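Below is one structure; the comments refer to it alone.
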Amino acid sequence: MLVAACVAGAVALVSLGAFLTVRNSLYSKLQEQLMAKAVAVAQAAPQGFGERMNINASAFQFSDIQFDFVDKNGVSQATFAGSAASLELPHGLVGRDEKSVAAGGALSSSRVADGYEVVAVPYVRLPGTALVASEPFTDDDAVLKSLSVVLILISAAGVVVAAVAGTAVARGGLRPVQRLTEATERVAKTGDLRPMPVSGDDELARLTQSFNAMLGGLAESREQQRRLVADAGHELRTPLTSLRTNLELLIESSKPGSPTLSPQDTAELYSDVRAQVDELTTLIGDLVELARQDTPQVVHEPVELVEVMERALDRARRRASGVRFDVALQPWTLLGDSSALERAVLNLLDNAVKFSPPDGVIGVTLRPLGDGTAVIEVTDEGPGISDADLPHVFERFYRSEEARTLPGSGLGLSIVLQAAQRHGGMAHAMHAPAGGALMAIRLPGRSS
């Protein structure tokens, strides 16, 4: 509708301009021709006889032109005889302008009156008289009427074509938007996150690509949640089953008439229950940390990484006994979440403590690499990581054969990797040069 309205306005202006131009041209041409004929007649007309002239049609070169000789009062000074009567000027066309020409006040006059072009020139052979000639606009009006019909028809056809073309263009342009709308409605109703087909390279195609990227991110997030729930359910099932069995055994042994447990067995059951509760507590804490890190973090603050690592070392020393920490830290600052970074460093330290032998040494370093990043390295003197396990140590709930007999949920290193990625970095696991394992976090930032 907007295209049709714009085209209609443009066509109307062009048509009006064309009509006015043609009309003015026709009227100007008629005026020039009539004036030229009037001058020629005024110069070629014979000398009048007496006070009035006897007009004979054969004496003048007029066809459909009417004329008269009038004085300054507008009184005719000619007598039209015979067939010349058809040449007589229509009544009422002599006005002030024509009287002025007859009186000598003007050299000529030209005006439009009652559908006639009226011109007046002095008739020099009879002083005080003017030749007044008129010609109707009948032929010109017929031409203008035909032109107006043609312009109206062409304008109407142009508006119709513009409306059809505008509708086709609008529908074609809005079709991708309609597909996007249908896709969003489909996602809202069914949860189907399949990407949409992309065609072209215009703005709507880029919008569709962005929408597909959003759908891909949602699908990946949903898959991660599904895997986390499935893995968490699997990991929780074992300690819960063991805890339930031990509690039922303790309850049954306390009932009258039931076999009693020895103090040593009772103590072992209580110890198992406490260990299972601790395992559940650790697992739930790790799951909460993963869920918290999965959410988008909007606020980032300047973080002094040395301070973060010193806090994590203090907590690790309180938990560890029989191991020594060899620490070498260089200043490094970045924008991020200090609590998430502290938890990641603490998980690396706890992992090193868990696999270190008694009286072992754990190396902790923070050093810039000279490319806008710094690396945190934690080494231990434990058995190290096998080549088969290296690619999987940062996966959720993954535990090597050697680690399955040790306490832990299999989520600590996953939290490390997630924290590193959230801060634009990466985590790596490799063999330490002196044996054992080497865990590293590489983070962007700058030297303090």
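Averaging sequence separations of C-alpha pairs under 8 Å and six or more residues apart, then dividing by the length of the range 298-393, give the relative contact order as a whole percent.
Relative contact order of the range 298-393: 29 percent.
What is the sum of charges, Lys and Arg at +1 and Asp and Glu at -1, for the other residues whose Cβ falls under 13 Å from the Cβ of A429?
Details: positive: R442; negative: E377, D380, D387, D389, E395.
Result for the local shell: -4.
Order of 337-343, 321-327 by packing, highest average Cβ count within 10 Å first?
Numbers: 337-343: 20.0, 321-327: 12.7.
Result, highest mean Cβ count within 10 Å first: 337-343, 321-327.
Once R0 is set to 30 Å, what does the formula 1/(1 + (r/R0)^6) return for the Cβ-Cβ distance between I152 and S28, expressed as a FRET efficiency to the nearest 0.05? Display every interim value, and only then the final one.
Numbers: r = 24 Å, r/R0 = 0.81.
After rounding, the FRET efficiency stands at 0.80.
Setting aside same-chain residues fewer than 8 positions from K37, which lysines have a Cα under 29 Å from its Cα?
K29, K72, K99, K145
Using a Förster radius of 35 Å, what is the FRET efficiency between S447 and Q178 based on their Cβ-Cβ separation? Nearest 0.05, please. Could the numbers behind the result be given before it?
Numbers: r = 54 Å, r/R0 = 1.54.
Taking R0 as 35 Å, the efficiency between S447 and Q178 is 0.05.
For L218 and F19, FRET efficiency with R0 = 60 Å and r from the beta-carbon atoms, rounded to 0.05? Intermediate results must be reported in sequence, preceding the final value.
Details: r = 62 Å, r/R0 = 1.03.
The formula returns an efficiency of 0.45 here.
What full-extension length gain, to one decimal in nm, is calculated for M426 and T138 as 0.36 nm per residue of separation minus the Cα-Cα distance? Don't skip to the answer; put the middle values down first.
Working: separation 288, 0.36 × 288 = 103.68 nm, distance 9.25 nm.
Gain in length upon complete extension: 94.4 nm.
Got a sec? Charge dipole of the range 300-448, +1 on Cβ for Lys and Arg, -1 for Asp and Glu; which of I415, I385, Q330 is way out at the positive end?
I415
Order the following by accessible area, largest value first: D192, D97, D201. Probe radius 1.4 Å; ligands, DNA and RNA are ignored. Present the calculation step by step, with values, prior to reporting the outcome.
Numbers: D192 40, D97 65, D201 130 Å².
These residues rank, largest area first, as D201, D97, D192.
So between A267 and L107, what do we pick up on full extension, going 0.36 nm a residue minus the alpha carbon distance? Write out the running numbers ahead of the final one.
Details: separation 160, 0.36 × 160 = 57.60 nm, distance 13.82 nm.
Contour length minus the Cα-Cα distance gives 43.8 nm.
If you find the alpha carbon centre of the range 119-165 and of the range 20-35, how far apart are they in angstrom?
Cα centroid to Cα centroid, the span is 7 Å.
Counting only residues 5 or more places away or on other chains, whose amide H sits under 5 Å from the amide H of E117 once H atoms are built in the peptide plane?
Counting only residues 5 or more places away or on other chains, the set is E135, F137.
Tell me, in nm to one decimal, what length is gained between L280 and A10 on full extension, where the rule is 0.36 nm per residue of separation less the Cα-Cα distance?
Value of the extension gain: 89.4 nm.
The values are calculated or read from the model by the stated rules, or taken from the named source; none is laboratory data. Bear in mind the structure is a predicted one, so any value in this text is a computation, not a measurement. Ideal geometry is used to build each Cβ from the backbone, glycine not excepted, and the neighbour counts take in all protein chains shown. The accessibility values were calculated without ligands, DNA or RNA, using every heavy atom of the protein model including side chains. Shrake-Rupley method; radii C 1.70, N 1.55, O 1.52, S 1.80 Å.
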